[in-house]
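Here you go, one structure.
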Amino acid sequence: DLLDTDLAVILDYAAANKLDVIQVEDFRRKIILDIGYLANGSIIGFNLPFDIARIATYAGVARGSMYGGFTFRLTPWESDPNIRVKRLNPTSALIDFAAPGKPKQARSMRKRNVKSESNRGSFIDVKTIAAALLTGRYSLAALAKRLNTPTQKHATEEHGGPVTPEYLDYGRADVQATWECYDALAKIYSDFGLSTPLKRILSEASLGKALLREMNIRPLLRRDHDA
């Protein structure tokens, strides 16, 4: 919970910069679930597993295809999906929406006992696509510098201290720099002319597979060989 003094700084800052302030519960519902899940919007961030863990209300062990990873609860309602995260390596992770415990279905489908396909969502980690498209591991500061984005990451030593206008500037710059890096990387990817969605690119290897698929070249191990 925020201290009253920190909240006062945030509200004054928001008013001065014409920004809206919402509670984390509203962020989970209106941004992650309403836009990312129900409206099929892409959730974009830098090092998304870290951010998802910070806004979750509960963390547990994932099951099914994501066994070995974590599941993060956003609301207390079983009709809302959790987010599952399974780390693959230092730069990439599998991220999706879990099937809700009590999915909402049309009455006609319930009568016919027909199950609708689960919406797994669209999660794009800028750290991951940077490693795949540019090769190497990038911090946000290094990536923004490499791509020469209009907004660069700010430096700060205020982590864990009282909220200040300067620290809020730092946070806003992180969000804007992340978006600008994503936009630049998305343009680089579009030049390849691939049909594979950017959210499916998790490494240099997956980029190579997408290129081979576009050229209709079958992987060596999937080709038929004479005995």
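Among GLY69, LEU3, ASN119, whose Cα lies farthest out toward the positive end of the dipole of the chain, if unit charges sit on the beta carbon of Lys, Arg (+1) and Asp, Glu (-1)?
Positive-end residue among those listed: ASN119.
Putting +1 on Lys and Arg Cβ atoms and -1 on Asp and Glu Cβ atoms, find which of ASN216, ALA141, SER190 reaches farthest to the positive end of the dipole of the chain.
Most positive-ward Cα: ASN216.
Name the long-range amide H neighbours of PHE46: under 5 Å, sequence gap of 5 or more, or other chain; modelled H, no Pro or chain starts.
VAL126
Follow-up. Would you calculate, for the chain, the mean residue ellipticity at 222 nm contributed by helices, counting each DSSP H stretch of 4 or more residues as -39,500 (n - 2.57) and dividing by all residues, to the nearest 500?
Numbers: 7 runs with 80 residues, N = 227.
The helix contribution divided over the chain gives -11000 deg cm²/dmol.
What does the accessible area per residue of the chain come to in Å², with a 1.4 Å probe and no ligands, DNA or RNA counted?
Details: 14900 Å² over 227 residues.
Result: 66 Å² of accessible area for each residue.
Now, a different point. For ALA93, which sequence-distant residues (separation of 5 or more, or a different chain) have an amide H within less than 5 Å of its own amide H, given hydrogens modelled in the peptide plane?
Amide H neighbours of ALA93, under 5 Å, 5+ apart: LEU88.
So, one more: Can you work out the FRET efficiency for the pair ARG200 and ARG87, with r the C-beta to C-beta distance and R0 = 25 Å, to the nearest 0.05? Don't jump to the answer; show the numbers that get you there.
Values: r = 17 Å, r/R0 = 0.70.
Working from the Cβ atoms, E equals 0.90.
For segment 50-103, what D do you get in µm² per second when you plug the Kirkwood radius from alpha-carbon pairs into Stokes-Einstein at 20 °C and 1.002 mPa s? All intermediate terms of the calculation are to be shown ahead of the outcome.
Values: Rh = 11.3 Å.
This corresponds to a translational diffusion coefficient of 190 µm²/s.
A further question follows. Quick one: if you stick a label point 7 Å off each Cα along the C-beta vector at ARG172 and ILE188, how many nm between them?
Inter-label distance under the simple model: 2.8 nm.
Roughly how many debye, to the nearest 20, is the charge dipole of segment 1-98 about its Cα centre, given +1 on each Lys and Arg Cβ, -1 on each Asp and Glu Cβ, and no other charges?
On the way: 10 positive and 12 negative charges, 121 e Å.
With Lys and Arg at +1 and Asp and Glu at -1, about 580 debye.
Same structure again: State the percentage of accessible surface on segment 120-177 attributable to carbon and sulfur atoms; use a 1.4 Å probe and exclude ligands, DNA and RNA. Working shown, then result.
Values: 1630 of 3160 Å².
Looking at segment 120-177 in its full context, I get 52 percent from C and S.
Calculate the dipole size of the chain relative to its Cα centre from +1 charges on Lys and Arg beta carbons and -1 charges on Asp and Glu beta carbons; express the result in debye to the nearest 20. The partial results should precede the final answer.
Numbers: 32 positive and 26 negative charges, 334 e Å.
That gives the chain a dipole magnitude of about 1600 debye.
What spacing in nm lies between the two simple spin-label points modelled at THR164 and ASN17, each 7 Å away from Cα in the Cβ direction?
1.5
Classify segment 1-103 as rounded, prolate or oblate, taking a ≥ b ≥ c as the square roots of the eigenvalues of its Cα gyration tensor: rounded when a/c is under 1.5, otherwise prolate if a/b is larger than b/c and oblate if not. Show your work: numbers first, answer last.
Values: a/c = 2.11, a/b = 1.78, b/c = 1.19.
Taking the square roots of the gyration eigenvalues as a ≥ b ≥ c, segment 1-103 is prolate.
OK, next. Among LYS153/LYS209; LYS18/LYS127; LYS127/LYS187; LYS153/LYS187; LYS127/LYS209; LYS86/LYS145, which pairs are too far apart, with a Cα-Cα distance over 27 Å?
Working: LYS153/LYS209 33 Å; LYS18/LYS127 30 Å; LYS127/LYS187 16 Å; LYS153/LYS187 21 Å; LYS127/LYS209 20 Å; LYS86/LYS145 29 Å.
Among LYS153/LYS209; LYS18/LYS127; LYS127/LYS187; LYS153/LYS187; LYS127/LYS209; LYS86/LYS145, the Cα-Cα distance tops 27 Å for LYS153/LYS209; LYS18/LYS127; LYS86/LYS145.
Further, regarding this structure: Report the semi-axes of the equivalent ellipsoid for the chain in whole Å, largest first, where each axis is √(5λ) for an eigenvalue λ of the Cα gyration tensor. Could you put the intermediate results ahead of the total?
Values: eigenvalues 228, 149, 46 Å².
Output for the chain: semi-axes of 34, 27, 15 Å.
Given the Cα-Cα distance of ILE31 and SER65 and 0.36 nm per residue of separation, how much length would full extension add, in nm? Walk me through the numbers on the way to the answer.
Values: separation 34, 0.36 × 34 = 12.24 nm, distance 2.57 nm.
Contour length minus Cα-Cα distance gives 9.7 nm.
What does the charge dipole of segment 118-197 about its Cα centre add up to, to the nearest 20 debye, if the Cβ of each Lys and Arg holds +1 and the Cβ of each Asp and Glu holds -1? Kindly include the intermediate steps, with their values, before the conclusion.
Working: 8 positive and 9 negative charges, 73 e Å.
So the dipole magnitude of segment 118-197 works out to roughly 340 debye.
The values are calculated or read from the model by the stated rules, or taken from the named source; none is laboratory data. Keep in mind the model is a prediction, meaning the values are calculated, not measured. Counting neighbours? That spans all protein chains shown, and the Cβs are built from the backbone with ideal geometry, glycine included. Accessible surface areas use protein heavy atoms only, side chains included; no ligands, DNA or RNA. Shrake-Rupley method; radii C 1.70, N 1.55, O 1.52, S 1.80 Å.
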